[in-house]
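Okay, structure first, notes after.
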Amino acid sequence: MVENPTRDEAKRDVKNSLLLPTQENDLQIVNCPGSSHDCEELLKVLVQRYASLIKVPPDKPEESVEAAVRALWSCAVGVPSSSVGAMSLPLSPLTEAQLDQLMALLERRASGVPLCYITGRQQFMGLELRSTDAAFIPRKETEVMVKAACSLLVGEILPRNSKPRVLDLGTGTGNLSCYVARQFPECTIIATDISPAAAQLAEENIKRLGCEEKVKVLVGDLFAPFQAGDEQNSFDLILCNPPYISTTKLQQIDPEISEHEPKLAIDAGPFGLAVLGRLMRDAPLYTRPGGWLAFELGVGQGPGTMKRLSKDARYQRVNGFMDDDKNVRAIAAQISDNKPGVQ
Ligand SMILES: C[S@@+](CC[C@H](N)C(=O)[O-])C[C@H]1O[C@@H](n2cnc3c(N)ncnc32)[C@H](O)[C@@H]1O
């Protein structure tokens, strides 16, 4: 076998290593139905052959080569699963047609198509979501903001209001709404997205995860679906993971992201603040007294954004939340009790 195979060589090697002579001097597939030991052998061969061809995305550390192979294997046998979910599923023996299917899926992954756009599944904080190229792929880094929001709900919001209203702006797959709805059934949640396709996917996930009683989905540009100052349209918590990559930076990021994920979800204009700026400007018009805005932002955007919010009289108590590398990746700011109008 070649050390660093091309995709064609890897495919040929795997196929060859699966073909063993039988007594009749014929060929058979090692991974015959019913033999779990052979499944493990096949897994080893596949992981080895695709180790240099399938990349582990830095922003999705859970997608080891083994996890990717397992997820695609699951897909090939008709049990779509995320990389995280597939790690705890047993390997079902493959028919020859399923093996061919698996090789085709590995080929797609090796060509740079995001894993979850192939499997149709992505896990976020324990939730197995349907994921398609209609929406941004939920990522582990967003846990910083979600954990900050959960501690606000427990420590600040629920003690003041036992039935809080939460707004999830730019919901994508609906991951944040579903997580909050399941953790805090006392919340009523509105999820919005400017993309009708993303909103439709969010609806699907909300139903799949049994959250339809708690979460309503609307389509629109940021706060456009709401009337400012109307109690019915005011929230105790506004959550948002907006696009925050500048158009220039977008040209330098991994093509796996820029060529596959929706531009609407990642492109944030010349300075990376097109949505973030409007979010900070308008959020105070849509919050209840003592309400909070919590949002994610990019590496390096934290200090400037915290300074900007601290100087804005409509906000008080501005807190930054860091990731493991000590980058501020989420900010939560309380809206001042006597907020003046739009700035
Ligand atoms: C980075 S993704 C976040 C998706 C999901 N909330 C998450 O955290 O994984 C940003 C989302 O905001 C949506 N979006 C972008 N601009 C918007 C706008 N002006 N109004 C509403 N949604 C917007 C995009 O369509 C996309 O679904």
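Across region 270-343, counting alpha-carbon atoms alone, Rg and Dmax equal 12.1, 37 Å.
Residues whose amide H comes within less than 5 Å of that of residue 129, counting only those at least five positions distant or on another chain, are 122, 123, 124 (H built at 1.01 Å from N in the peptide plane). Can you figure out the FRET efficiency of residue 9 with residue 337, using R₀ = 41 Å and their beta-carbon distance, to the nearest 0.05? Efficiency at R0 = 41 Å is approximately 0.05. For region 74-107 and region 216-286, what is the centre-to-centre distance using only Cα atoms, to the nearest Å? Using only Cα atoms to place each centre, the spacing works out to 36 Å.
Taking amide H positions as modeled 1.01 Å from N, with prolines and chain starts lacking one, the residues under 5 Å from residue 287 and 5 or more places away or on another chain are 235. Using θ = phi - 60° in the Karplus curve 6.51 cos²θ - 1.76 cosθ + 1.60, the 3J(HN,Hα) couplings for region 100-108 round to 4, 4, 4, 4, 5, 5, 4, 4, 5 Hz; x is entered for Gly and Pro. Our helix-only sum for the chain, with -39,500 (n - 2.57) per DSSP H run of n ≥ 4 divided by its residues, gives a mean residue ellipticity at 222 nm of -10500 deg cm²/dmol.
Within the chain, DSSP assigns beta bridges of which about 50% are antiparallel (rounded to the nearest 5).
Grab the Cα-Cα distance for residue 253 and residue 96, subtract it from 0.36 nm times how many residues apart they are, and report the gain in nm with one decimal.
Details: separation 157, 0.36 × 157 = 56.52 nm, distance 3.82 nm.
Full extension of this stretch gives 52.7 nm more.
Just to verify a number: FRET efficiency for residue 162 and residue 228, C-beta to C-beta distance, R0 = 22 Å, to 0.05?
Numbers: r = 25 Å, r/R0 = 1.15.
In this case the efficiency is close to 0.30.
Distances between placed amide hydrogens fall under 5 Å for residue 161 paired with no residue 5 or more residues away or on another chain. Applying 1/(1 + (r/R0)^6) with R0 = 25 Å to the Cβ-Cβ distance of residue 313 and residue 278 gives a FRET efficiency near 0.85. Helix 196-208 versus the longest principal axis of the chain: what angle, 0 to 90°, nearest 10, using Cα atoms? With rounding to tens, the tilt is 80 degrees.
Taking θ as phi - 60° and the Karplus parameters 6.51, -1.76 and 1.60, the scalar couplings of region 241-247 work out to 10, x, x, 9, 9, 5, 4 Hz in sequence order, x denoting glycine and proline.
What full-extension length gain, to one decimal in nm, is calculated for residue 64 and residue 263 as 0.36 nm per residue of separation minus the Cα-Cα distance?
Numbers: separation 199, 0.36 × 199 = 71.64 nm, distance 2.60 nm.
Length gained, residue 64 through residue 263: 69.0 nm.
Computed from phi, the 3J(HN,Hα) profile of region 127-135 under the Karplus parametrisation 6.51, -1.76, 1.60 (θ = phi - 60°) reads 9, 8, 9, 7, 9, 9, 6, 6, 9 Hz, with x in place of Gly and Pro. Antiparallel beta bridges, as assigned by DSSP with both residues in region 148-250, represent about 0 percent of the total such bridges.
Rounded to the nearest 5, the antiparallel percentage of DSSP beta bridges internal to region 210-343 is 65%. Give me log10 I(q)/I(0) at q = 0.08, 0.10, 0.15 Å⁻¹ for the chain, Debye formula, one equal scatterer per alpha-carbon, no solvent. So the normalised log intensities are -0.45, -0.65, -1.18.
I need to check one value: relative contact order of the chain, counting alpha carbon pairs closer than 8 Å and at least 6 residues apart, in percent. Don't jump to the answer; show the numbers that get you there.
Details: 617 pairs, mean separation 41.2, N = 343.
Here the relative contact order equals 12 percent.
Coordinate-derived values only; no laboratory data. What you are looking at is a predicted structure, and each value in this text was computed from that prediction instead of being measured. When we count neighbours, we look across all protein chains shown, and the Cβ atoms used for this are built from the backbone with ideal geometry, even at glycine.
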